[in-house]
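*Asks:* The structure under discussion is supplied below as structure tokens; questions concerning it will follow.
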Amino acid sequence: DAGVIQSPRHEVTEMGQEVTLRCKPISGHDYLFWYRQTMMRGLELLIYFNNNVPIDDSGMPEDRFSAKMPNASFSTLKIQPSEPRDSAVYFCASSLVGGYGYTFGSGTRLTVV
Amino acid sequence: EDKVVQSPLSLVVHEGDTVTLNCSYEVTNFRSLLWYKQEKKAPTFLFMLTSSGIEKKSGRLSSILDKKELFSILNITATQTGDSAVYLCAVDNNDMRFGAGTRLTVKP
């Protein structure tokens, strides 16, 4: 198993552009989580899905952020329009049962200039 | 290949018990090791460890790092039901590598 796969690994974009981060969870995992890691705020849970359905998106910072999970093997986190303060490392994780055995992806390092 | 391994995967104890959670790692360019408490909402930062042998304490929680043997432990004494959560270990080596977490359940 290749683990949780995130793409791209690095993204540099200009302010105002749309950014799409992608995640492929481990096959068979029912839960998918999106996190953001910054120096200022540490690790934040943005949203999580169970069986492709968003369960809790209260961590999504504002309307510029949206996440989808069209099927069990793919999720996206979109920022439109992007701002410099969105610069962070975004992690995707999946688990078989909520709260057991997380597997994290390698993260996407986003820089908005 | 960099990896972070936590054990046990899950743990069930009774209030008042003491627990020890383990995190071992193999990474290049180690900078620090972090512990988080993940409840239903946002993860809570617990500790950041950079030096061996220096215990960090916060109330009933404490943690120590051994950079020679490449592991850290998180101790919780006199556990309470509110300690029930997933405890995540992560290693910062300019990337962040997470362990699978330990699911702690504290029963009354």
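*Asks:* Mind counting the residues in region B:3-14 that are more than 14 Å from chain A (Cβ to nearest Cβ) and either hydroxyl-bearing (S, T, Y) or open to solvent by less than 90 Å² (accessible area, probe 1.4 Å) (or both)?
*Replies:* Just the residues of region B:3-14 that are more than 14 Å from chain A (Cβ to nearest Cβ), to begin with: B:13-14.
When the remaining residues are screened for being either hydroxyl-bearing (S, T, Y) or open to solvent by less than 90 Å² (accessible area, probe 1.4 Å) (or both), the result is B:13.
Looking only at that region, the number is 1.
*Asks:* If you don't mind, another one. Tally time: how many residues in region A:27-38 are open to solvent by 20 Å² or more (accessible area, probe 1.4 Å) and either touching a residue at least 60 places away in the same chain (Cβ under 8 Å) or assigned to a loop (DSSP other than H, G, I, E, B) (or both)?
*Replies:* Going residue by residue through region A:27-38, those that are open to solvent by 20 Å² or more (accessible area, probe 1.4 Å) are A:27-31, A:37-38.
In the following step, the residues that additionally are either touching a residue at least 60 places away in the same chain (Cβ under 8 Å) or assigned to a loop (DSSP other than H, G, I, E, B) (or both) were identified as A:27-31, A:37.
Adding up the residues that qualify gives 6.
*Asks:* Does A:I5 satisfy being within 11 Å of another protein chain (Cβ to nearest Cβ) and open to solvent by 40 Å² or more (accessible area, probe 1.4 Å)?
*Replies:* Details: within 11 Å of another protein chain (Cβ to nearest Cβ): no; open to solvent by 40 Å² or more (accessible area, probe 1.4 Å): yes.
The answer is no for A:I5.
*Asks:* Here's a check for you: in region B:16-56, which residue that is part of a strand (DSSP E or B), more than 24 Å from A:M39 (Cβ to Cβ) and not polar (S, T, N, Q) is modelled with the lowest pLDDT?
*Replies:* Initially, region B:16-56 is screened for residues part of a strand (DSSP E or B), giving B:19-26, B:32-38, B:43-49, B:56.
Then keep just the ones that are more than 24 Å from A:M39 (Cβ to Cβ); that gives B:19-22, B:24, B:26.
Checking which are not polar (S, T, N, Q) leaves us with B:19, B:21, B:26.
On the way: B:V19: 98, B:L21: 98, B:E26: 95.
Among residues in region B:16-56 that are part of a strand (DSSP E or B), more than 24 Å from A:M39 (Cβ to Cβ) and not polar (S, T, N, Q), the one modelled with the lowest pLDDT is B:E26.
*Asks:* Between residues in region A:52-64 that are open to solvent by 50 Å² or more (accessible area, probe 1.4 Å) and residues that are not aliphatic (A, V, I, L, M), which pairs lie under 7 Å by C-beta distance while being six or more apart or on different chains?
*Replies:* Once the first residue is open to solvent by 50 Å² or more (accessible area, probe 1.4 Å) and sits in region A:52-64, its partners that are not aliphatic (A, V, I, L, M) give A:N52/A:N71; A:I55/A:Y48; A:I55/A:F49.
*Asks:* If I go through region B:51-73 residue by residue, how many of them are at negative phi and surrounded by 13 or more Cβ atoms within 10 Å (Cβ to Cβ)?
*Replies:* First, pick out the residues of region B:51-73 that are at negative phi: B:51-52, B:54-58, B:60-69, B:71-73.
Add one more test, that the residue is surrounded by 13 or more Cβ atoms within 10 Å (Cβ to Cβ), and what stays is B:56, B:60-67, B:71-73.
Adding up the residues that qualify gives 12.
*Asks:* On the basis of being in contact with a strand residue (DSSP E or B) (Cβ under 8 Å, 6 or more places away or on another chain), closer than 26 Å to B:L104 by Cα and away from chain B (no Cβ under 14 Å), does A:P84 make the cut?
*Replies:* Values: in contact with a strand residue (DSSP E or B) (Cβ under 8 Å, 6 or more places away or on another chain): yes; closer than 26 Å to B:L104 by Cα: no; away from chain B (no Cβ under 14 Å): yes.
So A:P84 fails the test.
The values are calculated or read from the model by the stated rules, or taken from the named source; none is laboratory data. Only a predicted model underlies this, so the values are computations on that prediction, with no experimental measurement involved. Virtual Cβ from ideal backbone geometry, glycine too; neighbours counted across all protein chains shown. These accessible areas exclude ligands, DNA and RNA; they are computed on the full protein's heavy atoms, side chains included. Shrake-Rupley method; radii C 1.70, N 1.55, O 1.52, S 1.80 Å.
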